[in-house]
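These notes are about the structure you will find just below.
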Amino acid sequence: MRYVQGLRPGPTGPLKRYSVIGLGTWQFGSKEWGYGGGYDDAEAGRIVARARELGITVFDTAEVYGFGRSERILGDALRASGGTDDVVVASKVFPVVPTAAVVQQRGVASAQRLGVRTIDLYQVHWPNPVVRDGTAMRGMRALRDVGVVDQVGVSNYPLRRWQRAEVDLGGVVLSDQVQFSLVHRDPMAEMLPWAARTGHVVIAYSPLAQGLLSGRYDAENRPTNRIRAANAMFLPENLRAATPLLSVLREVAAAHGATPAQVALAWTVHHPHVVAIPGASSVAQVESNAAAAEITLAPDEYGALLAAAEAFRPTTGVSAIPALVRARRG
């Protein structure tokens, strides 16, 4: 496993190690993923334990995942596999009413569900479109001052708002968790270079584009999972358009004795100060994810992947709605 180097120290001293491959736990306790009986009660614990053995240190959850069940399952699994002293426990507050008092109350509740005294990284899940971040950051500062939170982060923030959040906090907002992968590359323009220069972290969620980059799906083999089925990327026309990109992924994977998913993850964490947090449905999948940290892409491989990704022009947004409706009816 590799770890992010050159992070800014926290207010209480050096940070814990951030592995470049983490574990996202949205699926813990969330029935919409459809992983079947026994996953939450048994497999989730085995996944967490194996992730730790492989050197994964970043475990990400949120209060809205399974309405708190993900936090409870993750907390139980971490305690059963050795505690939390050597891992980064990250959670998120959903800022429907982002007042300081609400943020404080939610932070305490998340820590209780996780079974920890201190949440290592506590993030604002989405930028509130109406309320600016001053009041939420006052709540974060209060949580940090009393030791309920160590590091503060945000999620789904554009760079400028992330930077303003630091001003509002009066200290380091260590991370921004954003969608980043070969098919969602917006953070490359400004956010990634800034984070690498300043010692911040970009946490990449959906680094496999919910499985599109795994190479498991095509126009004749679409996902049945409700979350993926509602994603425009899995429309037949988009899966056909992704064929050249998936072909390049397979070619690079063959050269490394790896899978397309591993190469897609290696591309994501090729960038300095990026932590990717794919989920895992099994121990085998978390083992595969962790192994991606050991893949070093040659410059021509990186360039070929980027060129293929830039040539992929999927139908998304409003223009994809009619096709999604047709697919759902079909």
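Figure legend. Inter-residue proximity from segment 140-152: first residues part of a helix (DSSP H, G or I), second residues crowded, with 23+ Cβ neighbours inside 10 Å and of a type in the set (S, T, Y), beta-carbon distance below 8 Å, spacing 6+ or different chains. Indicated pairs: M140/Y122; L143/Y122.
Conditions tested, residue by residue: (1) over 23 Å from V172 (Cβ atoms); (2) surrounded by 19 or more Cβ atoms within 10 Å (Cβ to Cβ).
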| residue | (1), (2) |
| --- | --- |
| G6 | no, no |
| G10 | no, no |
| R17 | no, no |
| G22 | no, yes |
| T25 | yes, yes |
| F28 | yes, yes |
| A42 | yes, no |
| R50 | yes, yes |
| I56 | yes, yes |
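Of the residues making up segment 289-300, at least one is over 30 Å from Y39 (Cβ atoms) and either at pLDDT below 95 or of a type in the set (G, A, S) (or both).
Residue check: is R2 in contact with a helix residue (DSSP H, G or I) (Cβ under 9 Å, 6 or more places away or on another chain) and either surrounded by fewer than 17 Cβ atoms within 10 Å (Cβ to Cβ) or in contact (Cβ under 8 Å) with a residue 40 or more places away in the chain (or both)?
When the stated conditions are applied, R2 passes them.
Scanning segment 188-205 for residues that are within 13 Å of P158 (Cα to Cα) and either surrounded by fewer than 23 Cβ atoms within 10 Å (Cβ to Cβ) or in contact with a helix residue (DSSP H, G or I) (Cβ under 6 Å, 6 or more places away or on another chain) (or both) yields M188, A189, E190, M191, L192, W194, V202. Would you confirm whether or not segment 239-249 contains a residue that is modelled with pLDDT of 95 or more, closer than 30 Å to E43 by Cβ, assigned to a loop (DSSP other than H, G, I, E, B) and among the aliphatic types (A, V, I, L, M)? Checked against the condition, which is being modelled with pLDDT of 95 or more, closer than 30 Å to E43 by Cβ, assigned to a loop (DSSP other than H, G, I, E, B) and among the aliphatic types (A, V, I, L, M), segment 239-249 yields no hits at all.
When segment 212-229 is filtered for residues that are part of a loop (DSSP other than H, G, I, E, B), out of contact with any helix residue (DSSP H, G or I) (no Cβ under 7 Å at 6 or more places or on another chain) and at pLDDT below 80, the ones remaining, listed by number, are E220, T224. Candidates are the residues of segment 75-115 that are among the β-branched types (V, I, T) and open to solvent by 20 Å² or more (accessible area, probe 1.4 Å); the one that is modelled with the highest pLDDT is V108.
The residues of segment 285-316 that are open to solvent by 30 Å² or more (accessible area, probe 1.4 Å) and either touching a Leu at 6+ places or on another chain (Cβ under 6 Å) or under 17 Å from A242 (Cβ atoms) (or both), listed by number, are A304, L306, A307, E310, A311, R313, P314, T315, T316. Got a number for residues in segment 36-51 being out of contact with any Asp or Glu (no Cβ under 8 Å at 6 or more places or on another chain) and under 20 Å from I21 (Cα atoms)? Here the count works out to 7. There is at least one residue in segment 20-31 that is at pLDDT below 85 and out of contact with any His (no Cβ under 6 Å at 6 or more places or on another chain).
Of the residues that sit in segment 116-131 and are hydrophobic (A, V, I, L, M, F, W, C) and within 17 Å of A77 (Cα to Cα), which one is surrounded by the fewest Cβ atoms within 10 Å (Cβ to Cβ)? So, considering only residues that are hydrophobic (A, V, I, L, M, F, W, C) and within 17 Å of A77 (Cα to Cα), the one surrounded by the fewest Cβ atoms within 10 Å (Cβ to Cβ) is V116. If you go through segment 166-211 and keep only what is touching a Phe, Trp or Tyr at 6+ places or on another chain (Cβ under 7 Å) and part of a helix (DSSP H, G or I), you end up with P187, G211. Of all residues being without any contact (Cβ under 8 Å) to a residue 40 or more places away in the chain and open to solvent by 30 Å² or more (accessible area, probe 1.4 Å) in segment 252-284, which is farthest from R222 (Cα to Cα)? Just the residue, please. The qualifying residue farthest from R222 (Cα to Cα) is H270. Screening segment 27-134 for helices (runs of 4 or more DSSP H) wholly inside it with 3 or more residues that are over 18 Å from the mean Cα position of the chain (by Cα) and of a type in the set (S, T, N, Q) returns the ranges 100-114.
The values are calculated or read from the model by the stated rules, or taken from the named source; none is laboratory data. Only a predicted model underlies this, so the values are computations on that prediction, with no experimental measurement involved. All Cβ positions, glycine included, derive from the backbone under ideal geometry; neighbour counts span all protein chains shown. Surface areas here come from the heavy atoms of the whole protein model, side chains and all, with no ligands, DNA or RNA. Shrake-Rupley method; radii C 1.70, N 1.55, O 1.52, S 1.80 Å.
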